[in-house]
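Undergrad: I have a structure here, written as structure tokens, and I will follow up with some questions on it.
The values are calculated or read from the model by the stated rules, or taken from the named source; none is laboratory data. Since this is a predicted model, take the numbers as computed values, not measurements. Cβ atoms come from the backbone with ideal geometry, glycine included; neighbour counts cover every protein chain shown. Keep in mind that these areas ignore ligands, DNA and RNA; they rest on the heavy atoms of the full protein, side chains included. Shrake-Rupley method; radii C 1.70, N 1.55, O 1.52, S 1.80 Å.
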Amino acid sequence: MIDATTHAQIADKAQALLERFDITEPVVDAVKIAKGLGIQVREIVMPPRYADVAGFYNERDKTIYVKATDKSWRKLFTVAHELGHIVLGHKNFEVLFRVQNKDGEYSDAESQANSFAASLLMPDFLLKKYLAKYNLTKKDSLEMAKIFGVSDAAMKPILLHLK
């Protein structure tokens with residue numbers, strides 16, 4: 001779990017990317033952002049022993065690989081998550097590995113990358129704009145998820161903590 005100050009700093013970095021690429025409406029095009037940063041995005045079939053891996057970044061070939069069989073909202077979040085690792089300067093590993101989720105908690109780097117992805121794909125300013133535009137409330141997470149191209153599971157906690 002990351003603290004509020006760290007989350008705010010991460011959200012600022014996501015906001016800077018949205019501004020740099022002039023993104024003012026959902027669905028945030030994470031692939032466009034990646035390409036603008038000189039990073040390719042490719043869909044692949046994960047080898048059987050990595051079937052539960054949604055994606056990874058290969059620094060050598062500057063490519064984010066995402067699982068081809070995932071739903072579009074999952075692919076979008078995966079690209080945004082991997083961008084988080086890159087933007088936040090997390091160490092890249094030579095060998096693909098699974099990050100273990102023990103007791104429902106992720107490592108700091110994984111939590112930060114998730115925070116970045118959420119801030120990039122569901123920034124506060126756009127959430128507030130679309131809640132007002134369609135006269136929705138924080139309870140309308142499924143409708144908002146559809147507008148933003150994310151899962152309801154990703155949208156619910158974001159709306160819950162929206163100020």
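Undergrad: Once amide H atoms are built 1.01 Å from N in the peptide plane, which residues 5 or more positions from Ser151, or in another chain, come under 5 Å H to H?
TA: HN-HN under 5 Å from Ser151: empty list.
Undergrad: Explain nothing, just the number: dipole magnitude of the chain about its Cα centre with +1 on each Lys and Arg Cβ and -1 on each Asp and Glu Cβ, in debye rounded to the nearest 20. List each step's numbers first, then the result.
TA: Numbers: 23 positive and 21 negative charges, 69 e Å.
Result for the chain is approximately 340 debye, rounded to the nearest 20.
Undergrad: Also, I was wondering about something else. Counting only C-alpha contacts under 8 Å and six or more residues apart, can you give the relative contact order of the chain as a whole percent?
TA: Working: 201 pairs, mean separation 43.7, N = 163.
That works out to 27 percent.
Undergrad: Still on this structure: With a probe of 1.4 Å, find how much accessible area the chain has per residue, and write the answer as a whole number in Å². Show your work: numbers first, answer last.
TA: Numbers: 9610 Å² over 163 residues.
Counting only protein heavy atoms, the per-residue value for the chain is 59 Å².
Undergrad: Cross-link candidates for Lys35: which lysines have Cα within less than 20 Å, leaving aside residues fewer than 8 places away along the same chain?
TA: Lys13, Lys62, Lys67, Lys75
Undergrad: Quick one: how many lysine pairs does segment 117-159 have with C-alpha atoms less than 13 Å apart and a gap of 8 or more or different chains? Give me the count, please.
TA: Working: Lys128/Lys138; Lys129/Lys138; Lys138/Lys156; Lys139/Lys156; Lys146/Lys156.
Here the count comes out as 5.
Undergrad: May I ask you to derive the FRET efficiency for Lys163 and Asp52 from their Cβ-Cβ distance with R0 = 35 Å, giving the value to the nearest 0.05?
TA: On the way: r = 35 Å, r/R0 = 0.99.
For Lys163 and Asp52, the calculated efficiency is 0.50.
Undergrad: Kindly provide the chymotrypsin sites (Phe, Trp or Tyr not before Pro) of segment 1-88 that DSSP labels as loop, not H, G, I, E or B, and whose Cβ sees at most 10 other Cβ atoms within 10 Å. Write out the running numbers ahead of the final one.
TA: Numbers: sites: Phe21, Tyr50, Phe56, Tyr57, Tyr65, Trp73, Phe77; in loops: Phe21.
Hits after loop and neighbour filter: nothing returned.
Undergrad: For the chain, what % of the accessible area comes from carbon and sulfur atoms, probe 1.4 Å?
TA: Details: 5110 of 9610 Å².
Ligands and nucleic acids excluded, carbon and sulfur give 53 percent.
Undergrad: Tell me the mean residue ellipticity at 222 nm calculated for the chain from its helices only (DSSP H runs of n ≥ 4, each -39500 (n - 2.57), averaged over every residue, nearest 500).
TA: Working: 7 runs with 81 residues, N = 163.
The helix contribution divided over the chain gives -15500 deg cm²/dmol.
Undergrad: Here's another thing I want to ask about it. In square angstrom, rounded to the nearest 10, how much accessible surface does Lys146 have for a 1.4 Å probe?
TA: That residue has around 140 Å² of solvent-accessible surface.
Undergrad: Ok, one more. What FRET efficiency comes out for the pair Val45/Asp152, r = Cβ-Cβ distance, R0 = 25 Å, nearest 0.05?
TA: The pair Val45/Asp152 has a calculated efficiency of 0.40.
Undergrad: Continuing with the same structure: Determine the order of His7, His90 by accessible area, beginning with the largest, at a probe radius of 1.4 Å. Don't jump to the answer; show the numbers that get you there.
TA: Working: His7 75, His90 45 Å².
If we order His7, His90 from most to least accessible, we get His7, His90.
Undergrad: How large is the Kirkwood hydrodynamic radius of the chain, counting all unique pairs of alpha carbons, in Å?
TA: That comes to 16.3 Å for the chain.
Undergrad: Would you kindly state how much longer the chain becomes between Ala132 and Asp29 on full extension, computed as 0.36 nm times their sequence separation minus their alpha carbon distance, in nm to one decimal?
TA: Details: separation 103, 0.36 × 103 = 37.08 nm, distance 2.23 nm.
Gain in length upon complete extension: 34.9 nm.
Undergrad: Now a separate question. What is the distance in Å between the Cα centres of segment 135-150 and segment 1-25?
TA: 20 Å
Undergrad: Taking a virtual spin label 7 Å from the Cα of Ser72 along the C-beta vector, which residues in segment 2-29 bring their backbone nitrogen under 17 Å of it?
TA: Flagged as within label range: 25-29.
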